């Protein structure tokens, strides 16, 4: 019989172990004089907070890494809002990590005042995951450090790097920016009826023109079509 508490504990343990393995691999293969590493950074923004798994700072840019500790087959593409994991005959849905990491880049852009052209988004699947659909080159199941080292075009000056490091260290020293406050911010952001949880733009009331319920109203992001977030309005009893 399934034990939800045990399953959650094992999931957290696997996630923790995967993060430790990722840190060790980055520490071993990336020279610290060239690549400064930060982990589990909570970044405040005008639209709540975001939490970044790993951030590598160098003159070759900022490498923003979202890790996923999963087994089985992974299906998805850049446009899907959710991807699918198939493991032991069961399918699970999870947020598209490319879109998830895109928010991380936007938050860093806002907080650091840097253009996203100086940043590299990387999705790294830890464990025994197999990508079953064509994926962009920045979605990896191995070779994370090698992928980072292949970027050799300087995008930032040494002075830029020092300023970024100082800003990230300031975030790490702020005791109010922790996992608990981030989870509270996440809950507030996803329950908001005025702000888009994906991009921070206003939510406005729209009317469905087709589909199963034409004429019904819903909340949609003001930045459509750049952002396609929608939320159903609660129906009055």
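If you plug the beta carbon distance of residue 223 and residue 84 into 1/(1 + (r/R0)^6) with R0 = 25 Å, you get a FRET efficiency near 0.40.
When peptides 65-77, 87-99 are ranked by their average number of other Cβ atoms within 10 Å per residue, the highest-first order is 65-77, 87-99. As a rough footprinting exposure proxy, the listed residues 63, 28 were ranked by other beta carbons within 10 Å of their own, and the order from fewest upward is 28, 63.
Distance between the 7 Å Cα→Cβ label points at residue 204 and residue 132: 4.0 nm. At a threshold of 8 angstrom on Cα-Cα distance, excluding pairs fewer than six apart, so keeping six or more, what relative contact order does the stretch 4-185 reach in percent? Relative contact order, the stretch 4-185: 25 percent. Tell me, 150, 231 in order of fewest to most beta-carbon neighbours within 10 Å? Least to most surrounded, the residues fall as 150, 231. With coordinates expressed along the principal axes, the C-alpha atoms belonging to the stretch 192-232 extend over 28, 19, 11 Å, beginning with the largest.
Measuring spread by the Cα atoms of the stretch 4-185 yields a radius of gyration and Dmax of 16.5, 52 Å.
Readers should treat all values here as calculations from the given coordinates under stated rules, not as data from a laboratory. All values reported here derive from a predicted model rather than from experimental measurement. No Cβ is skipped: glycine too gets one built from the backbone with ideal geometry, and neighbour counts run over all protein chains shown.
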